[in-house]
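Values in this text are rule-based calculations from the coordinates and carry no lab data. Since the structure is predicted, the reported quantities are computational estimates derived from the model, not experimental observations. So basically every Cβ, Gly included, is an ideal-geometry build from the backbone, and we count neighbours across all protein chains shown.
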């Protein structure tokens, strides 16, 4: 058994971590605009996340969720990669795990994978439509305890399970305003 010894000068205080966790944009990215991607990146920077992850869904996953066809997975990933190169954002990562699997991936399996790979806490950024759809799954109550949801806008209709777990999700505006309030309190 090896020991990893670290030597520090007398009186050393470890730096306080100012960045937290990972925010994952869970979407098909079929109709996502550049402005929505920029809003995601700005929100992640404002909320001081360590890593921002774009998680495009495979066409089999999208087909089972919406019963509508979507473009090829690799075409959507190429567009995201093009946007990432234009923005020159090193904090934004495109996760291609579903592309490697090439089949339907339930959200609970995706969350397990993301929690193993990226730093926690894990925040899922999604549209209200996807959040309502995910709330219909039987496994929703199991995985909502491990993540927080950040919704891109206020939902028009709210699924009863989303209402039940209202303490586990926020909209962008609520999250940013709460972060600003906490920052102000810490500075004082």
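A full extension of the chain between residue 75 and residue 173 corresponds to an added length of 32.2 nm, given 0.36 nm per residue minus the alpha carbon distance.
Legend: ranking of residues 58, 159, 19 from fewest to most surrounding C-beta atoms inside 10 Å; resulting order 19, 159, 58. Largest GNM mean-square fluctuation across 113, 123, 40, computed for the chain with C-alpha springs under 10 Å, falls on 113.
Bin all alpha-carbon pair distances of the chain at 5 Å intervals from 0 and give each bin's fraction as a whole percent. Distribution as computed: 1, 7, 15, 18, 19, 16, 9, 6, 4, 3, 2, 0, 0 percent. Each part reduced to its alpha carbon centroid, region 98-118 and region 45-86 end up 13 Å apart.
Between helix 172-187 and the chain there is an angle of about 10 degrees, using the helix long axis and the longest principal axis of the Cα atoms. The order of 89, 126, going from fewest to most other C-beta atoms within 10 Å of their C-beta, is 89, 126.
The mean sequence distance of close C-alpha pairs (under 8 Å, at least 6 residues apart), as a share of the length of the chain, puts its relative contact order at 22 percent. Each Cα pair under 8 Å and six or more residues apart adds its separation to the average, and for region 118-167 the resulting relative contact order is 49 percent.
Taking the C-alpha atoms only, the angle from helix 73-87 to the longest principal axis of the chain is near 40 degrees.
Annotation for residue 136 and residue 87: the two label points, set 7 Å from Cα along the Cα-Cβ direction, are 2.9 nm apart. Here the residues 27, 78, ranked from fewest to most Cβ neighbours within 10 Å of their Cβ, fall in the order 78, 27. Applying 0.36 nm per residue to the separation of residue 45 and residue 185 and subtracting their alpha-carbon distance, the gain on full extension is 48.5 nm.
Could you state the angle between the C-alpha long axis of helix 107-117 and the longest principal axis of the C-alpha atoms of the chain, as a value from 0 to 90 degrees rounded to the nearest 10? The angle comes out near 30 degrees.
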